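The values are calculated or read from the model by the stated rules, or taken from the named source; none is laboratory data. Please read these numbers as outputs of a predicted model, since none were measured by experiment. For neighbour counting, all protein chains shown are included, and Cβ atoms are generated from backbone atoms with ideal geometry for every residue, glycine included.
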Amino acid sequence: MSLAKKFVAETLGTFWLTFGGCGSAVLAAKFLAEEGATTLNLGIGLLGVSLAFGLTVLTMACAIGHISGCHLNPAVSVGLCVGGRFKAAHLAPYILAQVLGAIAGASVLYLVASGQEGFSLAGGFASNGYAEHSPGQYSLAACLTAEVVLTFFFLMIILGATDKRAPAGIAPLAIGLGLTLIHLIGIPVTNLSVNPARSTGPALFVGGWAMAQLWLFWLAPIAGASIAGLVYPLISEAEEEAAGTSAEAEGETLPIRTESAEAA
């Protein structure tokens, strides 16, 4: 598969993750409807938003996993590279595609959301934040810790689910549910990033505090993913590493299929 096709697939996939995940938070999380004198809360809440992020990855893993590996996340690409699962020469193009996809997704989301009377970016537009901009007012240290730890375990799930010894075909489901779980934990802390591209798209529209705090949502996810990339091979059997040598030597992503995967 050519790098150009992988670039397009990563752009489209990250668009879907940002538009679908952040869109669920902006458009549906607290949806209110009037019925006579009664105001009904028809929003999907934190559980719904968490599921939305997980479903975007699961669906894209099935759609483009065989094309690009469906990383959709600079931290995932870096973690896979550190773990020897991804070609370093493809890292910059993948990250560029992911950031462009996230910006495009946030742009379309803004176009839709701003069509409602009274819309304001003051609500945060699903941006990630710490301290006074944390949904639960968590400190910088707490937010940093959460993002590093949750990204670490997300990458461990990805590396484990795409291991050649893992049950065939489970990777999309395991990774999608893993992303759902970490959102359930992390949304109250930082609105959950674990993905620098996803964080960048909304932050560009909010500006101000969101851009000033964006550094954390690049640093922490990449750090957590890199640690996982180092740790997983240490607990993986030597024979498994040998079995994957030929694929790793070529530096190609292993798509989500019935044997192995590299996605998220």
Query raised in the report: Cβ-Cβ below 6 Å, separation at least six or inter-chain, first residue in segment 52-67 and modelled with pLDDT of 95 or more, second of a type in the set (Phe, Trp, Tyr): which pairs?
Result: Thr56/Trp16; Met60/Trp16
**Report entry** Flag for Ala171 being more than 18 Å from Gly13 (Cβ to Cβ) and over 14 Å from the mean Cα position of the chain (by Cα)
**Finding:** no
Query - When residues of segment 32-88 are limited to those that are of a type in the set (Ser, Thr, Tyr) and crowded, with 24+ Cβ neighbours inside 10 Å, the one nearest to the chain's Cα centre (by Cα) - result: Thr56
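Of these, Phe152, Phe125, which one is surrounded by 17 or more Cβ atoms within 10 Å (Cβ to Cβ) and in contact with a Cys (Cβ under 8 Å, 6 or more places away or on another chain)? Outline the logic, then answer.
Numbers: Phe152 fails: in contact with a Cys (Cβ under 8 Å, 6 or more places away or on another chain).
Going through Phe152, Phe125 in turn, the sole match is Phe125.
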Query - Pairs with Cβ under 7 Å, 6+ apart, first in segment 110-134 and over 15 Å from Phe217 (Cα atoms) and aromatic (Phe, Trp, Tyr), second modelled with pLDDT of 95 or more and assigned to a helix (DSSP H, G or I) - result: Tyr110/Phe205; Phe119/Ala113; Phe125/Val26; Phe125/Pro202; Phe125/Phe205; Phe125/Val206
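Take the residues in segment 13-31 that are among the aromatic types (Phe, Trp, Tyr) and within 22 Å of the chain's Cα centre (by Cα), then tell me which one is farthest from Val76 (Cα to Cα).
Of the residues in segment 13-31, the ones among the aromatic types (Phe, Trp, Tyr) are 15-16, 19, 31.
Going one step further and asking which of them are within 22 Å of the chain's Cα centre (by Cα), we end up with 15-16, 19.
Working: Phe15: 16, Trp16: 16, Phe19: 19 Å.
Here the residue is Phe19.
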Report summary line: Requiring at least 3 residues that are of a type in the set (Ser, Thr, Tyr) and closer than 30 Å to Thr162 by Cα, the helices (runs of 4 or more DSSP H) wholly within segment 1-119 are 45-68
